[in-house]
Amino acid sequence: MANSISGRIRKSGADIDIGSNRLPAVITGALTSALMGAGNSSKNTAKPASGTGSSGSSAAARQAAALAAQQAAQQAARDAAQNSYNNQMAALEKTYADRAALWQQNYQDALGRLEGDYQAGAAALDANTDRALQQAYVAYMLALRDLPAQLAALGVTGGSSESRLAGLRNDYKNARIELERQRSSDLGELLATLNAGKSEALGDYQQLMAEDASRRLAYQMELEQALAKTLASLA
């Protein structure tokens, strides 16, 4: 029973599992498009036209205007790249927040199933033991009822009859002790199964969370490197 917990937790989260340490296409595609567009907008900025002008001041003005336009385009490209990075980071955070919530819910569900199995097993065990105790009591009372007739038929009297009576009482007492011992032993096994299942479920949950934390960090670093590369090209 406990060995199935890990599979159930993972299976429940399979629909959103990213898998490898590569960025999801929905994140890298949007960022790449934004960065390429940003770079092109900077490269396509018109350069100052060469040629003779009516005066040196007119040429200088045109060059200043062209430089200002180029700088504005570069700033716009930088802003677009930063905004794209921010958007992809927000998407990344949401993805892994959703995954963390799913793992937590699956873990709690697993604990609930384990606890339910334990409670059901304990209830069945108690019912069986109580029934056996009742049967032992009925058998003891019937034996007490029939003992005088049996002793008379055998011609047993005095101390021998008292010994037979003591034997019946001792047998009943021992039967009760054994039934209670078995109840305690079986309950202990049920509890051990419960604790083992809880430990396995917790271990699986922690492993899933650790794997996601590692993937998320790798994706974040890849996004940051792509942003830094683009900003450097616009410097």
Pairs under 9 Å by beta carbon, first residue without any contact (Cβ under 8 Å) to a residue 24 or more places away in the chain in the range 170-183, partner of a type in the set (D, E, K, R), six or more apart or different chains? none
Would you be able to say whether some residue in the range 212-220 is modelled with pLDDT under 95, assigned to a helix (DSSP H, G or I) and either among the basic types (Lys, Arg) or more than 30 Å from Gln82 (Cβ to Cβ) (or both)? no
Log entry, pairs with first residue in the range 111-138 being closer than 13 Å to Asp186 by Cα, second being surrounded by fewer than 16 Cβ atoms within 10 Å (Cβ to Cβ), beta carbons closer than 8 Å, six or more apart or on different chains, reads Tyr118/Leu191; Thr129/Glu180; Thr129/Gln182
Can you spot a residue in the range 185-198 that is of a type in the set (Val, Ile, Thr) and either in contact with a strand residue (DSSP E or B) (Cβ under 7 Å, 6 or more places away or on another chain) or surrounded by fewer than 14 Cβ atoms within 10 Å (Cβ to Cβ) (or both)? no
Picked from the range 66-75 (must be touching a residue at least 24 places away in the same chain (Cβ under 8 Å) and surrounded by 15 or more Cβ atoms within 10 Å (Cβ to Cβ)), the residue farthest from Lys229 (Cα to Cα) is Gln70
Consider Thr157 carefully, then state whether it is in contact with a Gly (Cβ under 9 Å, 6 or more places away or on another chain) and either of a type outside the set (D, E, K, R) or at pLDDT 90 or above (or both). no
Run Ala149 past the list (1) more than 26 Å from Ser199 (Cα to Cα); (2) of a type in the set (Gly, Ala, Ser); (3) surrounded by 15 or more Cβ atoms within 10 Å (Cβ to Cβ) and report the number of the one that doesn't hold. (3)
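The values are calculated or read from the model by the stated rules, or taken from the named source; none is laboratory data. These numbers come from a predicted model, not from an experiment. Note that we place each Cβ from the backbone using ideal geometry, even for glycine, and neighbour counts take in every protein chain shown.
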